[in-house]
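Everything on this sheet refers to the single structure shown next.
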C-alpha cells in the first residue's frame, strides 16, 4: 500500500470520528438545554445529570479539537 493511500485512509477515519463527535456534542447540548430549564425551580433541576453531561461535553469537545488538529496535519501531508 502506498503512503498516500495510507494517509487517505487515516483521513477518512479521522473525518468519521469528527462527524461522530459533532453529533455527540449536539446531542449533549440539546440534552443540557432541556435539563437546564429556566422555568424549573432550582431544587427540581437534576444537578447530577447536568454535571455528568457537562463533563461528557467537555471531554467530547476536547477530543474533537484533537481530531481536527490531526485532520489538518494529514491534509498538509497530502497537500490539501
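Cβ-Cβ below 8 Å, separation at least six or inter-chain, first residue in the range 1-16 and modelled with pLDDT of 95 or more, second surrounded by 11 or more Cβ atoms within 10 Å (Cβ to Cβ) and outside any helix (DSSP H, G or I): which pairs? Nothing qualifies.
Count, please, the residues in the range 55-80 that happen to be over 22 Å from residue 24 (Cβ atoms) and in a helix (DSSP H, G or I). Write out each step before concluding.
Just the residues of the range 55-80 that are over 22 Å from residue 24 (Cβ atoms), to begin with: 73, 75-80.
Those still in the list that are in a helix (DSSP H, G or I) too: 73, 75-78.
Selection size over the range 55-80: 5.
Evaluating residue 39 against the criteria (1) assigned to a helix (DSSP H, G or I); (2) farther than 25 Å from residue 80 by Cα leaves one unmet condition, (1). The set of residues from the range 20-43 being under 11 Å from the mean Cα position of the chain (by Cα) and surrounded by fewer than 12 Cβ atoms within 10 Å (Cβ to Cβ) comprises 23, 26.
The values are calculated or read from the model by the stated rules, or taken from the named source; none is laboratory data. Worth saying up front: this structure is predicted, and the values here are computed from it rather than measured. Ideal geometry is used to build each Cβ from the backbone, glycine not excepted, and the neighbour counts take in all protein chains shown.
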